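A.B. asks: Before I ask anything, let me first share the structure, which is written out below as structure tokens.
The values are calculated or read from the model by the stated rules, or taken from the named source; none is laboratory data. What you see is a predicted model, and the numbers here were worked out from it, not measured in a lab. Here the Cβ positions follow ideal geometry from the backbone for every residue, glycine too, while neighbour counts run over all protein chains shown.
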Amino acid sequence: MKLVILLVVTCLLAGMGSYAQNVTFTGKNVPLTTVFAAIKSQAGHVFFFDARLLRDTKPVSLDVHDAPVAMVLKESLKDQPLDYSIENKTVTIVKKSHTALPAAPLPLEDPPPVLVQVSGTVRDSAGDPMAGVSIRVKGGTTGTITDQSGRFNINAEPGQVLVISAVGFIPQEITIGSELTYTITLLRANEKLDEVVVVGYGTQTRRQLTGAISSVRGDQIRKQPVLTPVQGLQGLAPGIQITASGQPGVQPRVTIRGLNTILTNENPLYVVDGVLTDDITNVSNADVLSVEILKDGAAAIYGSRAANGVVLITTKRGRTGKLSVSLDASAGFRKMINKVKMADSRLYAAYTNEARAYNSEPPFINPDTLQYNTDWYDAMTRKGLFQQYNVTMSGGTENVSYLFSAGYMGDEGVLKGADFSRISLRSNNEYRITPFLKFGHVLNVAISSRNNKPVTTFSEAYRQAPSVPVKNPDGSYGYISGLSVANPVATLELANELANNQRYQGNLYMEIRLLKGLTFRSAWGFDKNYGDSIEYKPVYNYNIFNHTTSELFVLDKNRFYWVWDNILTYSLQFGDHDVSLMAGHTAEKDKGKISQVRATNVPPDRNLWYINQGDPTITFVATGTAGFVLQRRSYFSRLTYSFRNKYNLNGVLRRDGSSAFPDNRQWGTFYSLAGSWMLSEEGFMKNVTGVDYLKLRVGYAHLGNDGISRLVNNELSQLLSITQTNPYAFPGGLVPGITFDQVKDATASWEATKGVDAGIEFGLLDNRLTGEVSYYNKLTNAYIRVPAPPFMDNNGILSPSADVRNKGVEAALGWSDNRNKNFTYRISANATINRNNVDKIRGGIDLAEGSLGNGEVTTYTVEGRPIGSFWVYDVEGIYQNQADIERSAHFVGTLPGDFKYRDINGDGSLDTRDRIFVGSYQPRFYYGISAGVTWRQLDFSVDCYGNSGNKVYNGKKAVRFGNDNIEVSRGARWTSTNPSNTEPRASNNIPPPSTYFVESGSFFRINNITLGYTLPESFISRAFMSSARFYITAQNPLISKKFSGFSPELPGSNALNSGIELSIYPTLATYLVGFNINFK
């Protein structure tokens, strides 16, 4: 007789304090073990039975409420070949034909728990699936995370509790019962006020916030095929302008709440996992968990570097649970859009010959001998391949969490021969040594290479004659003399510049809980950057362009930055009071150097492009060397106080020191004070229907702009240049004299910004409608170059002599709704109205800038107007005849067909006093719109943005050096038989800056369109996948604009020359297909 082994199954799933004798259970077609587990969980009974008895049982359907255990068992075992007995809360299951076994026999081995597989989908309140959400068994080590489609599977025991949590969302707990499939909606805490927000050196809940902070989730950024995470913010948050170049590997320009500074760039400070930086091209979008934008006073904790705002980037971390693997891949192409239509050969010849005839010059081209009609843009551009791939592995236990990711990005761009590639590796690990001590590290490695091609070739293509061939029949480059530019294809093919970069960025930290409520954190961050590039100029000779000796330039650059933070945080709750005090010290050092060496007669073979391959008889020349050392030290503190979760105060004080400034100006004090009132928590609001949350906030801040420090540091660290003068007579003879050529400002310090911020935030109709409205008014003491007498300093003295004000209103509104489990939708919009104004320029100085490179300037920065306002002559029409010319003020040499300019002061002549202001590049209004819908397995989203109320200057059209090509619109020019009053005659002369070239900068752009499909779980489960989503996306496919040029987004090198399209890089559209797959 075979030995019958009794497998004793116990269900250890109950809440420990439960003594209920009755059971409530609802389930359809569930196994008996699930019913047994529910009885154990609710009534505390233990089950003993031979597991083989369950092989012939059927699933049961049961619906009981507060029923005795015996009744539940009777109903469950009805029509089953089993019976039961109960004694002292022990249930024994036997076959009906057998005698009951003695109660409570001893098991032969430790019984295994009864596990069931629980699955589900996690979405946000907009109905979008959430990736990376932590799913763990409460009190245990079992856990997992959701995949890209928000799906999860986890094994657990009935009665156990699942904890569902994600950064920025309210955690949820679900007790496993008879239902094994769940659809979970996590509410963002800005809807429920409990969202944890990164605020710099710590976190706060939305309820406690007193400043203006915008948050964007990483999954909103990851869908966009862009270089950096900040480009993915485009149009998604109010108060933020982002201008991206289509050039591969180039970081975008970012402006937050208007332009504060004049001479330095307006970019914010970036903080990546605690490391401060101004370059985020090493960060892969696939690694981003969230991005927070701190505006004005909300950024005050960063003191002297906060005036332009702060962007905090938090990358993904490992989660408790088994190993999770995800793969993201996409590939497609980029193409040039909004190409300006240029004249063909026949129109070009007619126009050029007419222009020369007005100057009594012979024809330039015989239209009867035209052989070519070259489209130079087609000749030098292509559809560039774009591809990106990323694999992520993460998991962990209660004491160790880990994440590793590897990614590749390749971007060819549209210029033939140009390309950029980046390999990125990231490791984010955390180790909990004891309940009060943990260590962690974040490490990012980025290796990039770039094949640079001169972007000036776009300007050359704009000006090159269409009658010139790309290459002549003999293979030489086409060219005709009399033009101002070279053959753009020759420029591309003869240019050889290869750059490589290695970057290591990371953060090592330790956090220890010293006492209840008292925590100490020490973090050391670093950013090591090493790069090299080679530029090879070969021997060539075509027409007037020749290079008789090859040259090789080798450049090396090396930079190391570190920052060490030591922070104490004390939190205390007593009664209705909640107090948090943070105090810290930061030390920073930034050191770099760059050197370049030149060699000649280097062979053309790329494998021989080394300095030692040059002509040994010629000394290698160091063409440039430079270096810098910059050190900072800071002391900072933040006090947060909350009373009854309704009244919140926040104060920040920071003392910064920088070696960039003179000894007596190296320290500055920066601060903010803000408060908020949770109006919705007041008793008189409790009965107001439809209002879920309502908060008022106001604050004042004094901040600094550290961007000027690098410029000041460079100038102050240089030796004063001198010039030798005529000798002076002394008793001992003549002594040569010297004079200093430069003047330094010994009082140089940070640019300071002071301002107020006030706002209202709300959630209505069960938080389906959320929004905020903010007002800001800030004044910056900005640096300019104050003109000095030529014998003192031709460049002018760098001095904080201008006051720049930005004030405005920004608003955001969003609606999201889950109609049912198969259909959700969302729509949101944000808008900013900003007024930029120069309040004062001390010394009565006016700043004329915006050079066109032909002796003319187009902008004038004066009191009472925006920075870089366009300052031009006002075109009244076109002269039709000589008599019309003689009756009005005009420039010398004016002919019929030329512009007629308005004599503003009526003095009968035209000069700079007749110029007028016609707006600036600074927009008065900019906005973003985002919408999405999910229906079953399909998801669709669209993001748009735009601006209005600003102007741009068509500088490329205004600058025509003789015989250059023209735009096709010039075909409607004035002639004696076509007396146009809008298009002037053909001319090779340099026209004065005028309203003819000033155009509207308003535009509306579709930034991203994505359509996705998630495969059904039943289809992919056999392929060891937990989810699989395929999608197509179009980035920047359409722009509606009034500007006749390539793009109205023209930030310029600084504020004084922004908005001028002179050098060109066209707008690009990207089309991709891709997939997100998560493996079991």
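A.B. asks: Quick one: which strands (runs of 3 or more DSSP E) sit completely within the stretch 844-899 and have at least 3 residues that are over 18 Å from Ala986 (Cβ atoms)?
C.D. replies: Passing ranges, in order: 847-851, 857-861, 869-872.
A.B. asks: Tally up the residues in the stretch 1029-1080 that are closer than 30 Å to Leu852 by Cβ and assigned to a loop (DSSP other than H, G, I, E, B), please.
C.D. replies: Result for the stretch 1029-1080: 21.
A.B. asks: Which of the residues that make up the stretch 410-469 are in contact with a strand residue (DSSP E or B) (Cβ under 8 Å, 6 or more places away or on another chain), polar (S, T, N, Q) and assigned to a strand (DSSP E or B)?
C.D. replies: Answer for the stretch 410-469, where residues must be in contact with a strand residue (DSSP E or B) (Cβ under 8 Å, 6 or more places away or on another chain), polar (S, T, N, Q) and assigned to a strand (DSSP E or B): Ser421, Ser424, Ser427, Asn428, Asn429, Asn444, Ser448, Ser449, Asn451, Asn452.
A.B. asks: Right, another one. Working only within the stretch 434-482, note down all residues that are within 27 Å of Leu370 (Cα to Cα), among the polar types (S, T, N, Q) and without any contact (Cβ under 8 Å) to a residue 60 or more places away in the chain.
C.D. replies: Asn472, the sole residue that qualifies.
A.B. asks: Criterion first (charged (D, E, K, R), crowded, with 22+ Cβ neighbours inside 10 Å and under 16 Å from Val445 (Cβ atoms)) does Asp296 satisfy it?
C.D. replies: No; evaluated as a whole, the condition is false for this residue.
A.B. asks: Shifting gears a bit: From Leu694, Leu734, Leu720, Leu716, which residue is farther than 30 Å from Ser774 by Cβ, modelled with pLDDT under 95, aliphatic (A, V, I, L, M) and assigned to a strand (DSSP E or B)?
C.D. replies: Exactly one residue qualifies, and that residue is Leu734.
A.B. asks: Okay, next question. Of the conditions (1) part of a strand (DSSP E or B); (2) surrounded by fewer than 20 Cβ atoms within 10 Å (Cβ to Cβ), Ser1021 satisfies every one except a single condition; which number is it?
C.D. replies: For Ser1021, the failing item is (1).
A.B. asks: Mind checking which residues of the stretch 980-1004 are in contact with a Pro (Cβ under 9 Å, 6 or more places away or on another chain) and either part of a loop (DSSP other than H, G, I, E, B) or charged (D, E, K, R) (or both)?
C.D. replies: Pro984, Arg985, Pro991, Glu999, Gly1001, Ser1002
A.B. asks: Looking at Tyr348, is it surrounded by 21 or more Cβ atoms within 10 Å (Cβ to Cβ), out of contact with any His (no Cβ under 8 Å at 6 or more places or on another chain) and closer than 30 Å to Ser1040 by Cα?
C.D. replies: Criteria met by Tyr348.
A.B. asks: Is one or more of the residues making up the stretch 523-531 crowded, with 17+ Cβ neighbours inside 10 Å and over 18 Å from Asn282 (Cα atoms)?
C.D. replies: Among the residues of the stretch 523-531, at least one is crowded, with 17+ Cβ neighbours inside 10 Å and over 18 Å from Asn282 (Cα atoms), which makes the answer yes.
A.B. asks: Taking Arg559, is it surrounded by 15 or more Cβ atoms within 10 Å (Cβ to Cβ), part of a strand (DSSP E or B) and touching a Gly at 6+ places or on another chain (Cβ under 8 Å)?
C.D. replies: So Arg559 fits the description; yes.
A.B. asks: Arg382: free of Cβ contacts under 8 Å to residues at least 40 places away in the same chain, surrounded by 15 or more Cβ atoms within 10 Å (Cβ to Cβ) and farther than 23 Å from Gln224 by Cα, yes or no?
C.D. replies: Judged against the criteria, Arg382 is not a match.
A.B. asks: Given the stretch 1-84, what strands (runs of 3 or more DSSP E) lie entirely inside it while holding 1 or more residues that are crowded, with 16+ Cβ neighbours inside 10 Å and modelled with pLDDT under 75?
C.D. replies: Qualifying strands (runs of 3 or more DSSP E): 46-48.
A.B. asks: Another question, then. If Asn1007 passes every condition in (1) under 24 Å from Val250 (Cα atoms); (2) of a type outside the set (Val, Ile, Thr); (3) touching a residue at least 60 places away in the same chain (Cβ under 8 Å); (4) surrounded by fewer than 21 Cβ atoms within 10 Å (Cβ to Cβ) but one, which one does it miss?
C.D. replies: (4)
A.B. asks: (1) in contact with a strand residue (DSSP E or B) (Cβ under 7 Å, 6 or more places away or on another chain); (2) at pLDDT below 95; (3) surrounded by fewer than 20 Cβ atoms within 10 Å (Cβ to Cβ): which one isn't true of Ser658, the others all being true?
C.D. replies: Result: Ser658 fails condition (3) only.
A.B. asks: Name the strands (runs of 3 or more DSSP E) wholly within the stretch 119-184 that hold at least 1 residues that are among the hydroxyl-bearing types (Ser, Thr, Tyr)?
C.D. replies: The strands (runs of 3 or more DSSP E) meeting that bar are 134-137, 143-145, 161-165, 172-175.
A.B. asks: Something else: Kindly provide the set of residues from the stretch 143-153 that are surrounded by 21 or more Cβ atoms within 10 Å (Cβ to Cβ) and over 14 Å from Thr185 (Cα atoms), ordered by number.
C.D. replies: Hits for the stretch 143-153 are Gly143, Thr144, Ile145, Asp147, Gln148.
A.B. asks: If you don't mind, there's one more thing I want to ask. If you check Gly971, Gly932, Gly962, which single one turns out to be in contact (Cβ under 8 Å) with a residue 40 or more places away in the chain and either part of a loop (DSSP other than H, G, I, E, B) or polar (S, T, N, Q) (or both)?
C.D. replies: Checking each option against the conditions leaves just Gly962.
A.B. asks: Report, by residue number, each residue of the stretch 636-648 that is outside any loop (DSSP other than H, G, I, E, B) and surrounded by fewer than 16 Cβ atoms within 10 Å (Cβ to Cβ).
C.D. replies: Those that are outside any loop (DSSP other than H, G, I, E, B) and surrounded by fewer than 16 Cβ atoms within 10 Å (Cβ to Cβ): Leu639, Phe643, Tyr647.
A.B. asks: Given the stretch 253-344, what strands (runs of 3 or more DSSP E) lie entirely inside it while holding 1 or more residues that are modelled with pLDDT of 90 or more and under 13 Å from the mean Cα position of the chain (by Cα)?
C.D. replies: The strands (runs of 3 or more DSSP E) meeting that bar are 253-256, 269-272, 288-295, 310-315.
A.B. asks: Another question, if that's okay. Taking into account only those residues within the stretch 256-279 that are of a type outside the set (D, E, K, R) and farther than 28 Å from Ser449 by Cα, which is surrounded by the fewest Cβ atoms within 10 Å (Cβ to Cβ)?
C.D. replies: Among residues in the stretch 256-279 that are of a type outside the set (D, E, K, R) and farther than 28 Å from Ser449 by Cα, the one surrounded by the fewest Cβ atoms within 10 Å (Cβ to Cβ) is Leu263.
A.B. asks: Regarding the stretch 470-480, can at least one residue be identified that is out of contact with any helix residue (DSSP H, G or I) (no Cβ under 7 Å at 6 or more places or on another chain), of a type outside the set (Val, Ile, Thr) and either assigned to a strand (DSSP E or B) or under 30 Å from Leu425 (Cβ atoms) (or both)?
C.D. replies: yes
A.B. asks: Test of understanding: among Ser522, Ser476, Ser484, Ser467, which residue is among the polar types (S, T, N, Q) and either under 27 Å from Val250 (Cα atoms) or under 34 Å from the mean Cα position of the chain (by Cα) (or both)?
C.D. replies: Within the list Ser522, Ser476, Ser484, Ser467, the selection yields Ser522.
A.B. asks: Any idea which of Ser550, Ser533 is over 18 Å from Ala499 (Cβ atoms) and among the hydroxyl-bearing types (Ser, Thr, Tyr)?
C.D. replies: Among Ser550, Ser533, only Ser550 is over 18 Å from Ala499 (Cβ atoms) and among the hydroxyl-bearing types (Ser, Thr, Tyr).
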